[in-house]
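Shown next, in structure tokens, is the structure this report addresses.
The values are calculated or read from the model by the stated rules, or taken from the named source; none is laboratory data. Everything numeric in this text was worked out from a predicted model, so none of it was measured. In this analysis, Cβ positions are derived from the backbone assuming ideal geometry, glycine residues included, and neighbour counts consider all displayed protein chains.
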Amino acid sequence: MWSPTFVVVSGSTPDGPWPAILEYTHRIHKRWAERHGGLAVALDLSDWKTDRAAAWHKLLALDLVCGRPTLWLDADAIPAPGSRPDDFLADAGQFRMAHDKNGVNCGAMAFGAEWKAWVGEFLRTWWDAATPAELLHPWWEQRTMGRIIHEEKVAARRGPWIAEERIVHAAGVKDVDKLAWLVARDQ
């Protein structure tokens, strides 16, 4: 029986252009994962009913995928040409995140970890750390991570940053333009 060596998880909401963006990038995630012995899964992040923006639901989605190395990619992010799973996945006991071009220190658009019990605890710490202001901030969970990533408990688990050249992310592109932007960069 085949067992993937890692899982790529992505998700979006059914709002506006996001279903088309996720459909497009999931095909890329799937091709990339299969080429490297992995599996790609796409989720509707609006399925979770919480008092938070759907972007926060990536933490809940990741907590469901236990037992193997896992990479989260936002629906508007794809692996850059030539990237490999090792560019994203951390050594045992660590997680990796991408740098955020907006200067927040980290970007939750790409998050990789070998799935162990501590990762669930880490995701709960991230979820619980949100301040009321961060829950309303347009960067949602990324703003919280940008604050807590240097705290001792979190910093102790952080591995090397995911190199910016290993990911193509439509950060700062208007939602209605993201699909065309990604298609242009996937040529």
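Quick one: count up the residues across the range 169-182 that are in contact (Cβ under 8 Å) with a residue 60 or more places away in the chain and either of a type in the set (Gly, Ala, Ser) or buried (at least 19 other Cβ atoms within 10 Å of the Cβ) (or both). If you could, list the steps in order and put the result at the bottom.
As a first pass, look at the range 169-182 and keep what is in contact (Cβ under 8 Å) with a residue 60 or more places away in the chain: 169-173, 175-176, 178-179, 182.
Restricting the remaining residues to those that are either of a type in the set (Gly, Ala, Ser) or buried (at least 19 other Cβ atoms within 10 Å of the Cβ) (or both) gives 169-172, 178-179, 182.
Here the count works out to 7.
Which of the residues belonging to the range 125-162 are assigned to a helix (DSSP H, G or I), under 18 Å from residue 95 (Cβ atoms) and without any contact (Cβ under 8 Å) to a residue 40 or more places away in the chain?
Residues satisfying the conditions are 125, 128, 143, 144, 147, 148, 152, 153, 154, 155.
Tell me yes or no: at least one residue of the range 15-29 is surrounded by 14 or more Cβ atoms within 10 Å (Cβ to Cβ), closer than 19 Å to residue 113 by Cβ and not aromatic (Phe, Trp, Tyr).
Scanning the range 15-29, I find at least one residue that is surrounded by 14 or more Cβ atoms within 10 Å (Cβ to Cβ), closer than 19 Å to residue 113 by Cβ and not aromatic (Phe, Trp, Tyr), so the answer is yes.
Touching a Leu at 6+ places or on another chain (Cβ under 6 Å) and of a type in the set (Val, Ile, Thr): is that true of residue 8 in this structure?
For residue 8, the condition - touching a Leu at 6+ places or on another chain (Cβ under 6 Å) and of a type in the set (Val, Ile, Thr) - is met.
What residue, among those in the range 1-21 that are within 12 Å of the chain's Cα centre (by Cα) and of a type in the set (S, T, N, Q), is modelled with the lowest pLDDT?
The qualifying residue modelled with the lowest pLDDT is 12.
Among the residues of the range 55-66, which ones are over 21 Å from residue 135 (Cα atoms) and in contact with a helix residue (DSSP H, G or I) (Cβ under 8 Å, 6 or more places away or on another chain)?
Across the range 55-66, the qualifying residue is only 66.
Going through the range 44-63 one residue at a time, which ones are closer than 23 Å to residue 87 by Cα and either surrounded by fewer than 19 Cβ atoms within 10 Å (Cβ to Cβ) or in contact with a Lys or Arg (Cβ under 9 Å, 6 or more places away or on another chain) (or both)?
Passing the criteria: 59, 63.
Residue by residue, here is whether (1) under 14 Å from the mean Cα position of the chain (by Cα); (2) within 27 Å of residue 133 (Cα to Cα); (3) in contact (Cβ under 8 Å) with a residue 24 or more places away in the chain holds:
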position	(1), (2), (3)
27	no, no, no
31	no, no, no
38	no, no, yes
46	no, yes, yes
53	no, yes, yes
68	no, no, yes
72	yes, yes, yes
75	yes, yes, yes
81	no, no, no
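Kindly provide the set of residues from the range 163-181 that are assigned to a loop (DSSP other than H, G, I, E, B), of a type in the set (A, V, I, L, M) and out of contact with any strand residue (DSSP E or B) (no Cβ under 9 Å at 6 or more places or on another chain), ordered by number.
173, the sole residue that qualifies.
Of the residues 90, 33, which is hydrophobic (A, V, I, L, M, F, W, C) and either in contact with a Gly (Cβ under 7 Å, 6 or more places away or on another chain) or more than 22 Å from residue 123 (Cβ to Cβ) (or both)?
Answer to the check: 90.
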